[in-house]
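One structure is given below, encoded as structure tokens.
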Amino acid sequence: MHFTLFVIFICFILNSCSSTLSEPIISFQVQTPRPFGYVIGDEIKQRIVVDVRDGMALQYNSLPNKGKVNRWLNLNKIKIDKNKIHQGIHYQIDLTYQLFYAPLEVKMLKIPSFTLQFKQFGNTTKKQVPYWNFTTAPLRELAIRKDEGKEYMRPDSPAPLLDYTASYYRLLVSLLIAFIITFYLAWLYGCLSFLPKYQIFKRPAKRLSQLPNTDIENMLRVMHRALNQLNGKPLFQHQLADFYNHHPSYQQLNNELNWFFKYSNQYFFSTNAPVNKTDSNKIKELCQHCLEIERGKR
Amino acid sequence: MNNQLSEWRDLALQFEQQINHTILGQQQAVRHCVIAVFARGHVLLEGNVGVGKTTLLRAIAQGLGGDYQRIEGTIDLMPADLIYYTYLDSKGKPQVDPGPLLKQGESLATFFFNEINRARPQVHSLLLRVMAERSINAFNQDYQFPHIQVFADRNRIEKEETFELPAAARDRFMMEINIDMPADDHLLKELIFNTRFHDVDSLIGDIETGKIAYYQLNELAEQIQQSIQPSEKLKEYALDLWKASKDPKKYGIQLADVEMDLLIQSGASPRGMSFLIRAAKVNAWLENRTTLLPEDLQAIFQVTMAHRIFLNPIYSYRQEQLMPELITGILEQIAAP
């Protein structure tokens, strides 16, 4: 029994001193895209994922410098993400290269290798990122000869357009509905001043301003005609209540309209028609007020 | 307006009020009857059975005072029955007594002809003269009835054994007034349940009589006609109304499903138009105005004109529908000024 316990203890000690603990780099992985089908100008993204022991620090100057790597390769972008994980530190290094090689035939190229360095307490640990092979293809068609009457270079065929007929009709219907609603609202708010309905008092107002102030008879006739047109039939004083039922906005002119009809009755049907200098102005004012109501301004 | 006319106007309005108190829901018909009384025109009432035509006329006759006679139209009624009647007296001798027309002599104020369309055309002819000339000739002499006003009624339900009034007789009536049931439920309930309206004799008896002296009505009517003078513009308006009644198409009047060219057989007569103006003046007087306005003509246009416009026979079966539409169309199409 004592012997068994001793063996288990020794095994535990040995396990604690195992190599996994002493290894500074826990995991190392280089992720690369497809190794073929590249043409001049393409970007190649390389990702290096490294998990290191706590206390190990990546030496940023061990990464290749941003800019020109060689004659045909440029390192455009370096992005480093550093995260604390359970066992140590997780580094994710994203390198974006851009290819400037213009091959005349399919050619294999390689992204050069470099060595990553990690430091801890003055000790340096190195890890090499291996080179990476890929093939690049010519962008220009070299097999076709111009002297054979064939076109040496031609633009890409234009991209086929999406079928927008349905959207086009939907747009038309939407516009039509929007127009109808706008028209209806404008009609409700009396903004359609070009409609005959909103021009009943426009011409009479102009005509009244042209008539001399002494021509009361024609002024009364012009005003009567406009009111008759608005009412849809001849309007008389005793029908004003019914008139207001159909045109409630004119109720506010009740006093003026009653004065007008009374005055008109006196002028046309009484033997002694009184004429006052201010009467013409009152008729014009009434017409102006009617015009304002017609335009929705009162 | 002079004081006398004002006093008479007050009496006329009291008279109207009394009748409205007796006959419920017929304000417009009552107003028209009052106008006819003061314009000295004869009135023909038309309406369904039991709507109060006879009661209305009896109420007016009671209110006016003066002598009153009535006769019922029957198919065997002859003109002579209105003038005299013969019988054997208690001694067995034949006797001739004056009939309803002659019995009261010149003091006859109201002659009420019930169910006039049941009487024969011969009777209509006699009535035509009574209405037009206010006189008849009997026993080789003329009898004058200076104050007579004829009220007649006819119901529009029955057409059998009736004789349509000839155009000439209808033209003598100043107004033809339609009497319909009141539309107000409250009034209808009142008519049904209020016992006051169950006994017509006592209802009529309640009307104060003699406040308006019937023998002064002719003079008063003349004063009313003289005191209110129409302006030139109003004469033009009346003329337009008249012309539109003869040729509505020319004035832009259009009725549904009607060939307007063919609609009118005969428009209003000049006598009809003079009745219209007389009645309109009385309307203005009752409204306390000395100015005759278009609304006065409009107020009585239907009742004075509708029975004077004769439609083409092809449209006569739609007369009850077309005539009100035509009258409304004329009034709504003619502007003044």
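Where a number appears in this text, it was derived from the coordinates with a stated rule and is not lab data. Quantities reported herein were computed from a predicted structural model and do not represent experimental measurements. Note that each Cβ is placed from the backbone with ideal geometry, even for glycine, and that neighbours are counted across all protein chains shown.
Shown in residue order for segment A:30-43 are the 3J(HN,Hα) couplings computed by the Karplus curve 6.51 cos²θ - 1.76 cosθ + 1.60 at θ = phi - 60°: 10, 9, 10, x, 4, x, 8, x, 9, 10, 4, x, 6, 9 Hz (x for Gly and Pro). Here the Karplus relation 6.51 cos²θ - 1.76 cosθ + 1.60, evaluated at θ = phi - 60°, turns the backbone of segment A:79-88 into coupling constants of 10, 10, 10, 10, 10, 7, 10, 4, 8, x Hz, with x for every Gly and Pro. Compactness check for the protein assembly as shown: Cα Rg over 2.2 N^0.38 Å is 2.12. Note on B:GLN229 and B:PHE163: with the Förster distance fixed at 51 Å, the Cβ-Cβ geometry gives a FRET efficiency of about 0.80. Take chain B and mark each of the GluC sites (Glu not before Pro) that is in a DSSP loop with at most 14 other Cβ atoms within 10 Å; the longest unmarked stretch, sites excluded, is B:1-157. Distance from the Cα centroid of segment B:162-210 to that of segment B:241-271 is 31 Å (rounded to whole angstrom).
Taking the Cα centre of chain B as origin and assigning +1 to Lys and Arg Cβ atoms and -1 to Asp and Glu Cβ atoms, the resulting dipole is close to 660 debye. Amide H contacts of B:ALA152: B:VAL43, B:LEU44, B:LEU45, B:PHE113, each under 5 Å away and 5 or more positions distant or on a separate chain (H built 1.01 Å from N in the peptide plane; Pro and chain starts excluded).
Under 5 Å between amide hydrogens, built in the peptide plane, is the criterion, and for B:TYR85 it picks out B:ASP97, B:GLY99 among residues at least 5 positions away or on other chains.
Here is the tail figure for chain B: Cα pairs spaced more than 26 Å apart come to 52 percent of all pairs. Extension gain for A:ALA166 to A:ASN70 (0.36 nm times residue separation, less C-alpha to C-alpha distance): 29.3 nm. Tell me which of A:PRO212, A:PHE269, A:LEU286 sits at the most positive position along the dipole axis of segment A:196-294, charges placed on C-beta atoms (Lys, Arg +1; Asp, Glu -1). So the residue we want is A:PRO212. Can you pick out the pairs among B:LYS159/B:LYS189; A:LYS206/A:LYS297; A:LYS262/B:LYS246 whose Cα atoms lie more than 27 Å from each other? Distance filter (> 27 Å) returns B:LYS159/B:LYS189; A:LYS262/B:LYS246.
Averaging the sequence gap over all C-alpha pairs within less than 8 Å and six or more residues apart, then dividing by the number of residues, gives segment B:249-337 a relative contact order of 40 percent.
Ordering A:LEU172, A:SER193, A:PHE36 by the projection of their Cα atoms onto the charge dipole of chain A, which places +1 on the Cβ of Lys and Arg and -1 on the Cβ of Asp and Glu, puts A:SER193 at the extreme positive end. For A:LYS68, which lysines qualify as cross-link partners when the Cα separation must be under 20 Å and same-chain residues fewer than eight apart are set aside? Excluding near neighbours in sequence, the set is A:LYS45, A:LYS77, A:LYS79, A:LYS110.
Please give the charge dipole size of segment A:19-74, origin at the Cα centre, charges +1 on K and R Cβ atoms and -1 on D and E Cβ atoms. Round to the nearest 20 debye. Walk me through the intermediate numbers first.
On the way: 7 positive and 5 negative charges, 64 e Å.
For this selection, approximately 300 debye.
With a simple spin-label model that places each label point 7 Å from the Cα along the Cα-to-Cβ direction, the separation between A:PHE36 and A:THR96 comes to 2.7 nm.
Computed from backbone phi with θ = phi - 60° and the Karplus coefficients 6.51, -1.76 and 1.60, the 3J(HN,Hα) list for segment B:231-239 is 7, 4, 5, 5, 4, 5, 4, 5, 5 Hz; x is used for glycine and proline. Modelled spin-label separation between B:GLN141 and B:ILE314, with each label point placed 7 Å from Cα along the Cα-to-Cβ direction: 5.6 nm. Over all distinct Cα-Cα pairs of segment B:290-337, the Kirkwood formula returns a hydrodynamic radius of 11.9 Å. With angles folded into 0 to 90 degrees, how steeply does helix B:3-22 sit against the dominant principal axis of chain B? Use alpha carbons for both and round to 10. Rounded to the nearest ten degrees, it is 80. Normalised by residue number, the volume inside the convex hull of the Cα atoms of segment B:228-333 is 88 Å³ per residue.
Once the Cα atoms are used to define both axes, helix A:165-188 deviates from the longest principal axis of chain A by about 40 degrees.
Summary of the geometry: segment B:291-337 and segment A:212-252, compared by the centres of their Cα atoms, lie 23 Å apart.
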